[in-house]
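The block underneath contains the structure these notes are about, expressed in structure tokens.
Nothing in this text is a laboratory measurement; each read-out follows from the coordinates by a stated rule. Treat the numbers as computed from the prediction; the structure is a model and nothing was measured. Don't worry about glycine lacking a Cβ; one is built from the backbone with ideal geometry, like all the others, and counts go over all protein chains shown.
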């Protein structure tokens with residue numbers, strides 16, 4: 001039923017209303033509003049001419065009886081004000097956009113608020129009139145989203161850099177350990193070769209020295225090893 005809605009009609013580019021359904025019907029019957037007058041209500045997509053709105057088109061006067069309109073006086077419209085109503089979606093979009101900017105350092109909060117604010121702002125702009133608050137909400141939400149995304153990208157780059165540095169440290173430590181092992185093996189091999197080269201020769205020298213000592217000691221008096229004649 002038409003009386004279930006409050007209506008707005010366009011006059012010189014401005015949206016006039018809200019107007020109850022009964023008053024809207026009387027204005028249409030009186031000829032104050034024609035079939036070409038754009039109208040809008042909550043739930044209607046954009047402003048549409050009265051002739052294209054089924055729930056109002058039936059109240060347009062018949063074209064075959066234009067004289068019947070002469071005796072009808074225009075009906076005074078009460079509680080009429082100009083200007084488009086503010087959409088709740090636009091207000092919510094602006095609030096979420098401001099939160100996204102204010103809490104940009106808290107990415108788990110700022111990023112979802114920016115995305116939701118952008119969606120609400122775009123939805124609010126689909127109404128019959130311009131919504132400045134929706135435009136402001138869209139702008140603030142986009143800025144908040146961009147800041148959050150830049151912070152996420154920067155954090156990821158820092159994490160990758162730290163990972164690369166840690167990998168380089170591990171790689172260098174491994175190379176150093178391998179070099180130490182190779183050096184230790186080289187020292188052990190050198191020590192083995194030195195023992196092999198000089199160990200047997202040293203034993204032979206000791207045995208020769210012991211043999212010569214035994215030969216020199218034969219026939220000598222143990223009490224006079226230097227063979228000194230007594231006076």
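Overview of values
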quantity	calculated
D (Stokes-Einstein, µm²/s), Kirkwood Cα radius, segment 88-163, 1.567 mPa s at 4 °C	104
Label-point gap, in nm, between residue 179 and residue 194 - each point 7 angstrom along Cα→Cβ	2.3
